[in-house]
Amino acid sequence: MGTRTTTPTTSIIKPKGKSLWIEGYHRLLKNKASVVSMVFIVLVCLMAIFAEELSPYPFDEPHVDDALVPPNSTYWLGTDSLGRDMLSRIIYGAKMSMSVAIYTSIISLLIGGIYGAVSGYVGGKLDSIMMRFVDILYAIPTLVLLILVKVFFDAVEIFDDPELKALVGILAALSVVGWVMLARVVRGQVLQVKQMAYVEASHALGARGIWIVVKHIFPNILGPIVVLLSYQIPSNILFESFLSFIGLGLQPPYSSWGVLASDGWRSLRSFPHLILYPSLILFLVILAFNLFGDGLRDAFDPKMRGKQ
Amino acid sequence: MGGLALGLFIFSVLLSFLGYELPTALIWADVIVVLGFFGYYTYSQKIGAYVTKRLLEAGVTLFVIATLTFGLLRVIPGGPFDEEKALPPEVKASIEAKYNLDKPIYVQYGKYLLGLAQGDLGESYKYLGRPVSVMIAETLPPTFQLGIFSLIICYLIGIPAGLIAAARHNSWVDSTAMVGAISGVALPSFVVAAVLILLFSFEWSLLPAALWDGPTYYILPVIALGTRPAAVIARLTRASVLEVIHSDYIRTAKAKGLGYWTILFKHVLKNSLIPTLTFSGPLISGLLTGSFIIEFMFAIPGMGKHLIQSVTNRDYPLILGMTLLYSAILVLANLIVDLLYSYFDPRIKLDK
């Protein structure tokens, strides 16, 4: 007795084959629509990042003599009622619309993810209380909630800069709406993974809560969450444009695609090009995100594997 | 019983779609038949306890929403009677006394809840002396019609499109339908509305671009509101039909020698409607949101205009009333959807 070591005599066999992520990545690359969408999204993001360098004119520079001109060689997409260059405004709009959508998705993912993970992992009484609160928020129609939060942030005097104020209001409103659904999904996923044998095994080996969450649960729910996120971004782009369209979002001279569409709507009859281009870019970006999301889902969501 | 309820309901929707003002008797008959159906269903399935529990939960939810909204509105700086044109202090004081605004918040809250329990939503602050319930009741019909028509159109287009796409899987029909559907999902309703108005009203002068005065006025707003959800439903239906088509009992049905269409309609469609039904909750929420913008664009005299005006006017009772009404519609719709699950799929047990 006593000389036997606990280490196994054979070395640990490393399974041959690709990791789930690499496998998924290859599946994603095979999906042509997804790849094209991905390239398009990257281009739009680059356009947003380098808005200053790319746009031919400053976005709020009026050219009064050239107001409301249709697309021509000087102003590729025409000008608005104050003679501001449409192309420049759309490029700047990309900056605003995309950053609002991406930031809110990240904020709601952080809040919803932590909330859902705690609720699902701890379980019991805490879970039912936390989920009841989520259910109540879920029962308020999205737009009503959006408007209430937006108006609250408009009224509270925190920032002097009107653009910053409007921006923070939109971010808050969209995040309040967005985290609820993410919390539900994350909780559901955590509940599912929590019952898995490998989590139980880790428990039996003496692993503690935080370790299990970080090491086992998180990597296993990442796939569905990434997929959800890719659908969350276009829906936030849409909500931002909704809010701006009804005049509760950003206001001119600042520019987002919703602001531009709203501007164009007022002169729909005489100058349809004003609403046409912002609408077109909105449509294309949302379409690209949805196609990319479909590709991601097919590639990374294990439940969908093997199906068309 | 279910058929009668459905029949009467469809009949009245059709009548109102054709522009007829529905007689009050018919509306009440609708309400009674629908309630009667759900009452009978509850009784026959012995799910009375479940339904009661859900109704109580709905009450609690609405109570919490009322409290949250009430709190939020009182935290916002600036009152309803702070205007650019300042009122004389005495006038302002007497107005505030009339609406109990001079009392501590808990007294205001208590009085509001007391009124709410008696079905009294209070009076508008902005349109002096106008009860909120009357203001809502006046603007409810166009919003309700717009919502119901769009809902019906969504299902009438979405489900067959999804079914046909799945039945002709990987054919040109499938690809066309799905390209259409994914484009529809990416189209904001205001874009659809703008394009429709531009083409049908301005370019071809076929249909009116605004107001809500009869069937021709309904077409454009309903299409604009229904396009996106119809596309979502088509995608859902296709996915779930594809799943069902590959299941064992369909193979059995094929092996038995049943006809193609019998299998498709009797077995596949019926079993693949549940995910579509699941989407009804979010769908109704989405229609409520969407109808707001569509009402704004088509100048439809519905509830939407109150929502934004009430918020900018700080018209507390109106905001609270609108929030509660929208939430109540959503909560009740979700309950009905849950009941319908077990009606369509008896395997789903409602008592938990």
* Asked: When chain A is treated as a GNM, springs tying every alpha-carbon pair under 10 Å, which of A:E200, A:E240, A:E61 comes out with the largest mean-square fluctuation?
  -> A:E200
* Asked: Just which residues of the stretch B:290-314 lose 30 Å² or more accessible area with every protein chain there, against their chain alone, with the probe set to 1.4 Å?
  -> B:F292, B:I293, B:F296, B:M297, B:L307, B:I308, B:V311
* So how tilted is helix A:257-266 from the main axis of chain A? Cα-based, degrees 0 to 90, rounded to 10. -> 30
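Could you tell me which of the pairs A:K125/B:K111; A:K95/A:K165; A:K125/A:K194; B:K126/B:K305; A:K125/B:K53 are separated by over 22 angstrom between their Cα atoms in the structure shown? Display every interim value, and only then the final one.
Working: A:K125/B:K111 33 Å; A:K95/A:K165 17 Å; A:K125/A:K194 17 Å; B:K126/B:K305 14 Å; A:K125/B:K53 19 Å.
In this structure, A:K125/B:K111 exceed 22 Å between Cα atoms.
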* Asked: Stokes-Einstein at 25 °C, 0.890 mPa s, Kirkwood radius from Cα pairs: D for the protein assembly as shown in µm² s⁻¹?
  -> 89
* Alpha-carbon radius of gyration plus Dmax, which is the widest Cα pair, for the stretch A:45-141 in Å -> 22.5, 68
* To do: Please express the shape of chain A as an equivalent ellipsoid: the semi-axes are the square roots of 5 times the eigenvalues of the C-alpha gyration tensor, given largest first in whole angstrom.
  => 46, 24, 15
* If you wrap a convex hull around the C-alpha atoms of the stretch B:259-352 and split its volume per residue, what is the figure in Å³? -> 127
* Asked: Among the residues of the stretch A:219-244, which ones have their accessible area go down by 50 Å² or more when all the protein chains sit together, as opposed to their chain alone (1.4 Å probe)?
  -> A:L238, A:F242
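Among residues other than B:A193 whose Cβ falls under 13 Å from its Cβ, what is the net charge (Lys/Arg +1, Asp/Glu -1)? If you can, show how the numbers build up before the last one.
Values: positive: B:R228; negative: B:E295.
Net of charged neighbours comes to 0.
Averaged per residue, what accessible area in Å² does the stretch B:134-344 show with a 1.4 Å probe, protein chains only? It would help to have the intermediate numbers written out before the result.
Details: 8560 Å² over 211 residues.
Value for the stretch B:134-344: 41 Å² per residue.
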* To do: Roll a 1.4 Å probe over the protein chains and send me the accessible area per residue for chain A in Å².
  => 51
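Starting from the Cα gyration tensor of the stretch A:31-97, multiply each eigenvalue by 5, take the square root, and state the resulting semi-axes largest first in whole Å. Don't skip to the answer; put the middle values down first.
Details: eigenvalues 151, 32, 14 Å².
Equivalent ellipsoid semi-axes, largest first: 27, 13, 8 Å.
Could you check how much of the accessible area of chain B is carbon and sulfur, as a whole percent, using a 1.4 Å probe?
On the way: 12290 of 17720 Å².
The nonpolar share, carbon plus sulfur, comes to 69 percent.
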* Against the longest principal axis of chain A, how steep is helix A:142-155, in degrees 0 to 90 to the nearest 10, with axes from Cα atoms? -> 70
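Could you tell me the calculated FRET efficiency between B:K256 and B:T278, based on Cβ-Cβ distance and R0 = 45 angstrom, to the nearest 0.05? Intermediate results must be reported in sequence, preceding the final value.
Numbers: r = 30 Å, r/R0 = 0.67.
Efficiency, from the Cβ-Cβ distance: 0.90.
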* Using only helices, what value at 222 nm comes out for the protein assembly as shown when you add -39,500 (n - 2.57) per DSSP H run of length 4 or more and divide by the total residues, to the nearest 500 deg cm²/dmol? -> -23500 deg cm²/dmol
* How large are Rg and Dmax for the stretch A:137-202 when only the alpha carbon atoms are used, in Å? -> 17.9, 55
* **Cα-based reach from A:K215 at 12 Å (exclusive), listing aspartates and glutamates while leaving out same-chain residues under 8 positions away** => none
* Tell me the Kirkwood hydrodynamic radius of the stretch A:148-281 in angstroms, computed as one over the mean inverse distance between distinct C-alpha pairs. => 17.9
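Run through every distinct alpha carbon pair of chain B and return the Kirkwood hydrodynamic radius in angstroms, one decimal place. Provide the component values of the computation, followed by the final result.
Numbers: mean 1/r = 0.0431 Å⁻¹.
23.2 Å is the Kirkwood radius here.
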* Contact surface A-B: accessible area buried, both sides summed, square angstrom, 1.4 angstrom probe -> 3800
* **Crossing angle, helix A:218-245 versus chain A [Cα axis fit, 0-90 degrees, rounded to tens]** => 20
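The values are calculated or read from the model by the stated rules, or taken from the named source; none is laboratory data. The shown structure was predicted, so the numbers you read here are calculated from the model rather than taken from an experiment. Neighbour counts are summed over all protein chains in view; Cβ atoms, including those assigned to glycine, are modelled from backbone coordinates with ideal geometry. Accessible surface areas use protein heavy atoms only, side chains included; no ligands, DNA or RNA. Shrake-Rupley method; radii C 1.70, N 1.55, O 1.52, S 1.80 Å.
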